[in-house]
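Following: one structure in structure tokens, then a few remarks.
All of the numbers you see were taken from the coordinates with simple rules; none came from a lab. None of these values were measured; they are calculated from a predicted model. Here the Cβ is made from the backbone with ideal geometry for all residues, glycine too, and neighbour counts use every protein chain on show.
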Ligand SMILES: Nc1ncnc2c1ncn2[C@@H]1O[C@H](COP(=O)(O)OP(=O)(O)OP(=O)(O)O)[C@@H](O)[C@H]1O
Ligand SMILES: [Mg+2]
């Protein structure tokens with residue numbers, strides 16, 4: 001049984017077919033990259049997996065269960081971490097520390113566990129000094145780090161990342177790639193970043209004409 005399976009997924013946005021009878025699957029623990037031109041539908045694909053795009057037809061199976069109703073997606077989202085393409089669309093808590101604590105608290109993790117997870121990821125991302133800083137006062141790169149850290153505290157089984165390295169300096173790029181390599185969940189990373197593609201060296205899919213096809217590494221550089 002595939003961990004995530006997508007069958008004949010079609011999505012129209014404002015009359016245009018963005019995803020067209022797309023088929024795809026990811027195994028538990030598998031890590032993949034998705035590339036594709038601007039407007040190809042990469043973000044749409046991730047949003048559809050999360051149940052945010054209503055005008056979708058086809059089948060999405062997560063851990064063997066078909067996701068149909070909003071309730072099914074809501075349950076699935078408890079296990080799926082989503083890092084938005086734009087951190088300003090994602091982050092909303094007053095401070096860094098509260099942002100990291102938000103998801104695990106909502107998920108009902110025990111307070112001690114939440115504290116432990118928050119400390120673990122503040123340290124891992126080098127965000128300890130920023131813990132009390134208001135989100136709106138962070139730099140672009142700092143926001144990016146928080147946007148990734150705050151989904152990892154959710155302990156996801158599947159991690160979806162949309163351009164996770166945009167705006168990161170060399171040191172933080174290294175930090176993020178090391179973290180993405182070390183997490184033990186399934187990961188789907190959407191990116192245009194050729195350095196990220198080369199560094200991670202994961203299996204690549206290209207989203208083109210509404211479908212996902214396995215792509216050679218050289219394709220990603222075209
Ligand atoms: N909320 C929306 N409502 C209507 N159309 C949308 C919406 N979001 C995206 N689209 C359209 O869907 C198509 C795919 O957009 P999407 O954002 O998925 O592309 P992308 O591959 O993520 O591009 P990029 O590399 O620029 O991030 C585009 O034609 C876009 O205009
Ligand atoms: Mg996008």
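On inspection, residue 208 fails the criterion of being touching a helix residue (DSSP H, G or I) at 6+ places or on another chain (Cβ under 9 Å) and in contact (Cβ under 8 Å) with a residue 24 or more places away in the chain. Among the residues of the stretch 41-100, those identified as touching a residue at least 40 places away in the same chain (Cβ under 8 Å), part of a helix (DSSP H, G or I), surrounded by 15 or more Cβ atoms within 10 Å (Cβ to Cβ) and more than 13 Å from ligand 2 (Cβ to nearest atom) are 49, 87, 90, 96, 99, 100. Are any of the residues in the stretch 5-20 closer than 23 Å to residue 185 by Cβ and either under 18 Å from the mean Cα position of the chain (by Cα) or near ligand 1 (Cβ under 10 Å from one of its atoms) (or both)? Checked the stretch 5-20: at least one residue is closer than 23 Å to residue 185 by Cβ and either under 18 Å from the mean Cα position of the chain (by Cα) or near ligand 1 (Cβ under 10 Å from one of its atoms) (or both). Please verify whether the stretch 173-185 includes one or more residues that are in a strand (DSSP E or B), buried (at least 18 other Cβ atoms within 10 Å of the Cβ) and away from ligand 1 (no atom under 16 Å from the Cβ). Scanning the stretch 173-185, I find no residue that is in a strand (DSSP E or B), buried (at least 18 other Cβ atoms within 10 Å of the Cβ) and away from ligand 1 (no atom under 16 Å from the Cβ), so the answer is no.
Scanning the stretch 9-40 for residues that are surrounded by 16 or more Cβ atoms within 10 Å (Cβ to Cβ) and in a loop (DSSP other than H, G, I, E, B) returns 30, 36, 40.
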